[in-house]
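The values are calculated or read from the model by the stated rules, or taken from the named source; none is laboratory data. Keep in mind that what you see is a predicted model, and the values were worked out from it rather than measured. Neighbour counts run over all protein chains shown; Cβ positions are idealised from the backbone, glycine included. To get the accessible areas, we keep the full protein, side chains included, count just its heavy atoms, and leave off ligands, DNA and RNA. Shrake-Rupley method; radii C 1.70, N 1.55, O 1.52, S 1.80 Å.
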Amino acid sequence: MIARFKEFIKKVFTVISRPEMTVLPGQLAFFFVLSVVPIVTLITYGASFLHVPLDFISNFIGKAFGSDVANLIAPMISISNIDFRFFFTLIVGFYIASNGATSIIVSSNAIYGIPDTSFLERRIKAIVMTVLIVILFLFILIVPVFGKNIIHMIQFVDMNAQITKTIVFTFNLLKGPITWFIIFCFIKIIYTMAPDRKLESANVNYGAIFTTIMWIIVTAIYSYYINNFANYAVFYGGLANIVMLMLWVYFLAYVFVIGMALNFKEEEIKLEKTGVINVVK
């Protein structure tokens, strides 16, 4: 057991020393933050569908991220109907955020030693991956991070009692292992899609498990901060909450890149031992 743990630590340090680890996590974190635009747009539409007042959303964002952040994204939560502005904001947001998925594809190709495909193919795949990433981040923000706050605030909103009961039941159902499994599935799909070479699903389990565990730990720390210390930091003043948000996203991106490189490392080890890598054709 100790020997296997030492071997794992050795793999992690080998991966961290790769050149792309100095650039890619920060680049991914930047575009992950840009994905906040489509995420907030989707939240706004969902809230309007449930007849939740926009003031409720604005107050929630203010409590979660601080008044400065709430003021910055206030224009985005004013979209209450499906109209041209809604679709335009959503399309532009997804396209800009898809640069992060493009970086994942290009870096994954570099790690696996695979030549890049055409720009159009890469962009289409990046947009699909961005949709998955936005859904994943939306799920993480709503359930593990802000789940308790959302339940408490919904109970004070004048909503249909049955809808409130259903939402509370759903949140309680998704706690724990189900949340972890959903995160694992999304990460595994993204890892499998990323390289411009078809990978066997089992070949990405190692990195997906590592990333899922680390994301759960990092998210739990961020959630604890949000629920206990948000809006009370002194050093950064009103920007403290957005700084914590960006640090959280950066650590998620850093772990994600490590997991991707660990998958390739496992392939290398398997190739050295057996001389064969199962590739889906």
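Can you find a residue in segment 97-111 that is open to solvent by 30 Å² or more (accessible area, probe 1.4 Å) and modelled with pLDDT under 80?
yes
Looking for whichever is assigned to a helix (DSSP H, G or I), open to solvent by 30 Å² or more (accessible area, probe 1.4 Å) and either more than 25 Å from MET244 (Cα to Cα) or at pLDDT below 80 (or both) here; the options are ILE135, ILE127. Which one fits?
Step by step, each of ILE135, ILE127 is checked, and only ILE127 is assigned to a helix (DSSP H, G or I), open to solvent by 30 Å² or more (accessible area, probe 1.4 Å) and either more than 25 Å from MET244 (Cα to Cα) or at pLDDT below 80 (or both).
Find all pairs meeting these conditions: Cβ atoms under 9 angstrom apart; at least six residues apart or on different chains; first residue within segment 170-196 and of a type outside the set (Ser, Thr, Tyr); second residue open to solvent by 40 Å² or more (accessible area, probe 1.4 Å) and assigned to a loop (DSSP other than H, G, I, E, B).
Going by the 9 Å Cβ cut-off, the qualifying pairs are ASP196/PRO115; ASP196/ASP116; ASP196/THR117.
Scanning segment 168-198 for residues that are open to solvent by 10 Å² or more (accessible area, probe 1.4 Å) and touching a strand residue (DSSP E or B) at 6+ places or on another chain (Cβ under 9 Å), which turns out nearest to ASN263 (Cα to Cα)?
That would be THR192.
Select from segment 1-37 the residues that are open to solvent by 50 Å² or more (accessible area, probe 1.4 Å), modelled with pLDDT under 70 and outside any helix (DSSP H, G or I) and write down the one among them that is nearest to GLY259 (Cα to Cα).
ARG18
Applying the selection to segment 101-124, what residues are of a type in the set (Ser, Thr, Tyr) and either under 21 Å from VAL257 (Cβ atoms) or part of a helix (DSSP H, G or I) (or both)?
THR102, SER103, SER107, SER108, TYR112, THR117
Among the residues in segment 79-96, are any within 17 Å of the chain's Cα centre (by Cα) and modelled with pLDDT under 75?
yes
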